1. Of everything in the range B:287-302, what is within 7 Å of chain A (Cβ to nearest Cβ) and either hydrophobic (A, V, I, L, M, F, W, C) or outside any strand (DSSP E or B) (or both)? Give them in sequence order.
2. Scan the range A:6-16 and tell me whether some residue there is polar (S, T, N, Q), at pLDDT below 90 and over 14 Å from B:Val15 (Cβ atoms).
3. Scanning the range A:54-105 for residues that are of a type in the set (Ser, Thr, Tyr) and modelled with pLDDT under 90, which turns out nearest to B:Arg274 (Cα to Cα)?
4. Which condition number in (1) under 20 Å from B:Lys17 (Cβ atoms); (2) more than 8 Å from chain B (Cβ to nearest Cβ) is the one that A:Ser18 fails?
5. Quick test of your reading of the structure: A:Ala2 fulfils all but one of (1) surrounded by fewer than 17 Cβ atoms within 10 Å (Cβ to Cβ); (2) more than 7 Å from chain B (Cβ to nearest Cβ); (3) not β-branched (Val, Ile, Thr). Name the failing condition by number.
6. Does A:Leu37 satisfy being in contact with a helix residue (DSSP H, G or I) (Cβ under 8 Å, 6 or more places away or on another chain) and surrounded by fewer than 21 Cβ atoms within 10 Å (Cβ to Cβ)?
7. Go through A:Ala60, A:Ala98, A:Ala89 for me and flag whichever is farther than 18 Å from B:Asp290 by Cα, in a strand (DSSP E or B) and at the interface with chain B (Cβ under 8 Å from one of its Cβ atoms).
Amino acid sequence: MAHQLYRNTTIGHCLQESLDELMQYDQLPPALAMKVLLQFDKAISAALANRVKSRLSFKAGKLNTYRFCDNVWTLLLTGVEFKEVQDVAKADRMKIVAMDGRAQV
Amino acid sequence: MSHVHCHSHAIVGQVYKSVVNDTIAAVRSFFLDEGVDEQVLQELKTLWETKLNQSRAVDLKEAETTPQQSKSARASAVRAAARSAAPAAGAAAQPVAQPQSLVPIQITIPPQQPGGENKTIVVQVPVSAVQSGLAGQHLQTILSSAAAQATFALPPDIASSMLQQQLNEALRQSSQQQQRVVTVAPAAGEGSREPPRRPVPAAWRPPPPLHPWPPRVPAGLPLPPPPPPPPPPPRFHEPLNSEDDVSDHEPADLQETFNVMVCQYDKITRSRNRWKFHLKDGIMNLDGKDYIFQKAGGDAEW
């Protein structure tokens, strides 16, 4: 089963809101909505693994907090600078949620 | 980062489109198995893409005519459904929102006699009363009273002014007695406003009654020990020493974009206070824009 991690993204939230609307008007049974979400998990994982080639690097001024629980890292960084080839982006704060990518569940 | 040129942002649209298409295609068979119409599936796709477009995190480059039409049709259907759920018996109140201190409330009165027509009367209500729900409560009370029924039979302008007076009086009394319940005894046979039958909000509950003092003891007899003082009425106190509390500074205000990266980790290592991150397959939202990467590496000091 693919990670459900990517539901907490723009595309994941948009899907969940859409499903909620349809369920609200009784156009969609909840069980079917769950199946759609599970299928979304697979599709986004496959897309990220196969369709995306870009690489980033980042440097943070500070790692404010870190948490490792249930094989999930939650990191809070401040003063982060992202670089991709020639482009640079900065963020005052960045929260990273990382699931274990080593073993295939 | 120049969003247009950054590769990890530029490809987001294509990747999202392909994910949407793949997901929709994959669940089509589930929809058929459950007996759900294909139209619902198309509606899901449309809603999903519309929301993605509106999120501005990505440019989907989709034509927006069809999604917007169906979305605006749905929005107007929702509004119509909300409007048809009339609260008061025999009348429907329709608030018209305007950025003024007074808000006109339109009340539609069904014909009082057979063959008559709907009457519309307008009362002006302060915005704060509308927002707090007080206006709705008072209107409901006034409109359901016997006197109001008689008022409906009058010409609309006279009916408006009479109802306006009753509403203003009701709002004035509400504002005077903010902390205590208005115990208006209903006058039998009169058309005065009845006490509301809906649950009273917490702020309106009366304080508990004070304990009565013991009866006066005749002189010469030993006085009983004085009873303990009655408990004070409950007041809303701030927590004691709340100024001593040290709360962690919230990492981000709710109004600001909370930059989040969701990804998988290959390896995260630490040497003393130097951390190194090896991440992969991630989606990052930075200042409202989405970026996608296959690999990301970083350093930080703790």
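1. Of all residues in the range B:287-302, those within 7 Å of chain A (Cβ to nearest Cβ) come to B:290, B:292-302.
Within the range B:287-302, B:Ile292, B:Phe293, B:Ala296, B:Ala300, B:Trp302 qualify.
2. The first filter runs over the range A:6-16 and keeps only residues polar (S, T, N, Q), leaving A:8-10, A:16.
Then drop every residue that is not at pLDDT below 90, which leaves none.
No: zero hits.
3. The initial filter retains those residues of the range A:54-105 that are of a type in the set (Ser, Thr, Tyr), namely A:54, A:57, A:65-66, A:74, A:78.
So of that shortlist, the ones also modelled with pLDDT under 90 come out as A:54, A:57.
On the way: A:Ser54: 25, A:Ser57: 16 Å.
Ranking the qualifying residues of the range A:54-105, first place goes to A:Ser57.
4. A:Ser18 satisfies all of (1) under 20 Å from B:Lys17 (Cβ atoms); (2) more than 8 Å from chain B (Cβ to nearest Cβ) except (2).
5. (1)
6. Numbers: in contact with a helix residue (DSSP H, G or I) (Cβ under 8 Å, 6 or more places away or on another chain): yes; surrounded by fewer than 21 Cβ atoms within 10 Å (Cβ to Cβ): yes.
It is true that A:Leu37 is in contact with a helix residue (DSSP H, G or I) (Cβ under 8 Å, 6 or more places away or on another chain) and surrounded by fewer than 21 Cβ atoms within 10 Å (Cβ to Cβ).
7. Numbers: A:Ala98 fails: farther than 18 Å from B:Asp290 by Cα; A:Ala89 fails: farther than 18 Å from B:Asp290 by Cα.
From the options A:Ala60, A:Ala98, A:Ala89, the qualifying one is A:Ala60.
The values are calculated or read from the model by the stated rules, or taken from the named source; none is laboratory data. Keep in mind it's a predicted model, so treat the numbers as computed, not measured. No Cβ is skipped: glycine too gets one built from the backbone with ideal geometry, and neighbour counts run over all protein chains shown.
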